[in-house]
Every structure is written in structure tokens, then in C-alpha cells.
Amino acid sequence: MKKLRVFDFDDTLALTDSAVRVFSGDTFVRNLTSHEYKSYKLQPGERFDTGAFDKIVNPRVIKPTMAVLRKVVGKPSPAVILTGRGEAQPVREWLGSIGIRVDDVVALGKTVANTAALAAAKRRWIANAIKKSGWQYVEVFEDSRENLDAMESLKAEFPDVKSVLRYVGHYAERMKEHRET
């Protein structure tokens, strides 16, 4: 069976202090964590700046999902990181620094304007991967329910493909709570 495993990066494999900046015109409004970014609704005139978010700041491994990634890397079935960051190289380098070489890191952040567009872009990337390579099994590890909801329609579009969508946001939440106490 041809298998593809797709992992989000932020709040799925690692918790970081990287920030997405919010501007209103040329005026800085605030920094958002990756978790805040997922639910932040831009006000009229606001825009996201993900430039600073591309740096991996103070990364902490989320052990349960990283253990799964470590287990599948190097197997015949590829492991792909599908991230909302604008640049793939910092993710690839950090993973390499901890001994993980994934098949690909795909950064979608520069192609989207908001979190709804990111969810659609992730879904589109997986649909295209299925069409191109004929995957029979696709497993996704994701901390965003919005992204998983967008991917849910893959099951109807590709009924012969076994799609397993795993919500892992609770791991990052527990890490944040532990750090704050």
C-alpha cells in the first residue's frame, strides 16, 4: 500500500517562540504566537507579516508526534512537513540538527493571506499529491481543527484512499500549561 504521512510543524512537532507580526498600514499592532495566529481575525486595514515567523526561536520538541515522525522517517513511505511558515529551509535545518531528515518540507505561508486560505492550501497540496502519486493511505498530523476540517472533504473526493486525520493540538496545549505553572 502506498502511504504518505503529512505533519504540520508549529504546535504539532515543535513549540516555538517564533512570532507573526500584525500591522495596520505601516504601524505595528502586535506579535502573535503560532497558536494565536490560527484564530486571529484581521481587523479592517490589518495584515500579517510572517517574515519574523520564519526563524525558529526557542524550539521545544513535542514528544508524542516527534516520536511518530522519527518512526516513519527513512521508511519507503514518505514523511512530509506541510507548514504555514513562509520558508522551508529553517524547518529543514532544525530537524536536521536533531537528526531527522524528512522527504520534503513544504512552506505555504507566502502563498496565503489568512488561516482559512492556509487550510485550503494544505488541503489542495494533499489532493494534488494524491492525484500525482496515487497514494492509497494518507495520514495527517495537525494541531489546527480548521485545517483538519478542510481536509475532511478529501475522504469524499478520494473514496478509495484511506485518510486518517489526527488532531494533536492537545499536546502543545499541555506543554504550554506546564511551562506557565
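A few points about this structure:
- The charge dipole of the chain, taken about the Cα centre with unit charges on the Cβ atoms of Lys, Arg (+1) and Asp, Glu (-1), comes to about 620 debye, rounded to the nearest 20.
- With all protein chains kept in place, the per residue accessible area of the chain amounts to 51 square angstrom at a probe of 1.4 angstrom.
- Of the beta bridges in region 1-116, as assigned by DSSP with both residues counted there, near 60 percent are antiparallel.
- Once backbone amide H atoms are built at 1.01 Å from N, residue 6 has 80, 139, 140, 141 as its partners under 5 Å, excluding neighbours fewer than 5 places away on the same chain.
- Rounded to whole Hz, the Karplus (6.51, -1.76, 1.60) HN-Hα couplings of region 133-142, x for glycine and proline: 10, x, 4, 9, 9, 10, 10, 10, 10, 8
- Rounded to the nearest 10 degrees, the inclination of helix 169-180 to the longest alpha-carbon principal axis of the chain is 40 degrees.
- Each Cα pair of the chain feeds into the Kirkwood radius, which the Stokes-Einstein equation turns, at 37 °C and 0.692 mPa s, into a diffusion coefficient of 196 µm²/s.
- The Rg/Rh ratio of region 41-145, with Rg taken over Cα atoms and Rh as the Kirkwood radius over Cα pairs, comes to 0.98.
- Each part gets one Cα centre, and for region 6-42 versus region 120-175 those centres are 21 Å apart.
- Value at 222 nm in deg cm²/dmol, rounded to 500, when DSSP H runs of n ≥ 4 in the chain each add -39,500 (n - 2.57): -11000 deg cm²/dmol
- Label-point separation in nm, residue 23 to residue 93, each point 7 Å along Cα→Cβ: 2.3
- Share of carbon and sulfur in the accessible heavy-atom surface of region 8-109 [1.4 Å probe, %]: 52
- Along region 114-121 the Karplus relation, 6.51 cos²θ - 1.76 cosθ + 1.60 evaluated at θ = phi - 60°, assigns HN-Hα couplings of 7, 5, 5, 5, 5, 4, 5, 5 Hz to successive residues, with x for each Gly and Pro.
- Helix 63-72 and the longest principal axis of the Cα set of the chain meet at an angle near 40°.
- On the beta carbon distance between residue 170 and residue 146, with R0 = 22 Å, the FRET formula returns roughly 0.90.
- Residue-normalised convex hull volume from the C-alpha trace of region 34-99: 117 Å³ per residue.
- Projecting label points 7 angstrom from Cα along Cα→Cβ for residue 155 and residue 103 puts them 2.3 nm apart.
The values are calculated or read from the model by the stated rules, or taken from the named source; none is laboratory data. Being a predicted model, the structure only gives us computed values, none of them experimental. Backbone-built Cβ (ideal geometry, glycine too); neighbour counts: all protein chains shown. All accessible areas refer to the heavy atoms of the entire protein, side chains included, with ligands and DNA or RNA removed. Shrake-Rupley method; radii C 1.70, N 1.55, O 1.52, S 1.80 Å.
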